[in-house]
Amino acid sequence: VIGDTNSTLAASIAAKKVGVNLAHIEAGVRCGDRSRPEEINRIAVDALSDIHFTPREKDKKNVSNPVWAGDLEYSLLYKMEADGEIGDLNYKGPILMTIHRDENTNVERLKEIFRLCKKIGALIVFPIHHRTKKVVEENNIDVPSNIQIIQSQNYKEIISLLGIASYVISDSGGIIKICPYFGKKCLIPLKVTEWDEVVLNGYGRYFNEQTDLSYMKSGVMPRQQDFYRKNTCQIITDTLLSYE
């Protein structure tokens, strides 16, 4: 199983109930906030798993039987780029925003995020998640004129939007952690992210009333493709084939 979703937890419980060995990809990742559903799922899935494939070396301390494998999404991006599926990058397009987390999809929190977005002024393209869309529509939340809502996008479409974005606003761990790959800065509307290397290396800032937005316009960041191991798929495959 991979990640920290409810379906990941459900599959893990089902596997253990029928006596199937369980391997968790993206194991050991922690943000330290147990009020988040994702954090509870991570802890529970790790407790059930027999093999723990961690994305970073530091994640090994949180699990037993760890295998430092690297990040599967970065491996996908390496392959997509090698196959010519990632076009030329630029930093002159609209801001890309994704919002979907439980803590950000209540009425008051969405209004707060939209107020912060209005201060930015620049065009923000917002592929809206079904959960977020439901809250906006059912509560008639005013959307600032600089936010352009579009339908939810598949992975390749999101990557295309990210590739031309001036920068990113996102609460998605999957998007936050790949911003350095594209040399993109990211505003993070969370109190803390589990992918803290993005913040520590200057690619991310937490998005709140105190955020200095001038930083987002202060120059282009270099592409950083070495946060994670590049042979993740091989490590996972070799480990599973040799597991007894």
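Quick notes
- Among the residues of segment 68-96, those identified as of a type outside the set (Gly, Ala, Ser) and closer than 22 Å to GLU197 by Cα are TRP68, ASP71, LEU72, GLU73, TYR74, LEU76, LEU77, TYR78, TYR91, ILE95, LEU96.
- Yes/no for ALA11 being within 20 Å of LEU240 (Cα to Cα) and either in contact with a strand residue (DSSP E or B) (Cβ under 8 Å, 6 or more places away or on another chain) or at pLDDT 95 or above (or both): yes
- Count of residues meeting criterion [part of a loop (DSSP other than H, G, I, E, B), among the polar types (S, T, N, Q) and in contact with a helix residue (DSSP H, G or I) (Cβ under 7 Å, 6 or more places away or on another chain)] in segment 220-244: 2
- Condition met for GLU57 (in contact with a strand residue (DSSP E or B) (Cβ under 7 Å, 6 or more places away or on another chain), at pLDDT 95 or above and crowded, with 19+ Cβ neighbours inside 10 Å): no
- Selection of strands (runs of 3 or more DSSP E) fully inside segment 130-219 by the criterion of at least 1 residues being loosely packed, with under 14 Cβ neighbours inside 10 Å and out of contact with any Leu (no Cβ under 7 Å at 6 or more places or on another chain) returns 147-150.
- Screening the candidates GLY70, GLY32 for the property of being in contact with a Ser or Thr (Cβ under 9 Å, 6 or more places away or on another chain) and of a type in the set (Gly, Ala, Ser) yields one hit, GLY70.
- Answer residue from segment 113-128, given it is in a strand (DSSP E or B) and β-branched (Val, Ile, Thr) and is farthest from ASN154 (Cα to Cα) among those: ILE124
The values are calculated or read from the model by the stated rules, or taken from the named source; none is laboratory data. Not measured: the values here are computed from a predicted model. Cβ: placed from backbone, ideal geometry, glycine included. Neighbour counts: every protein chain shown.
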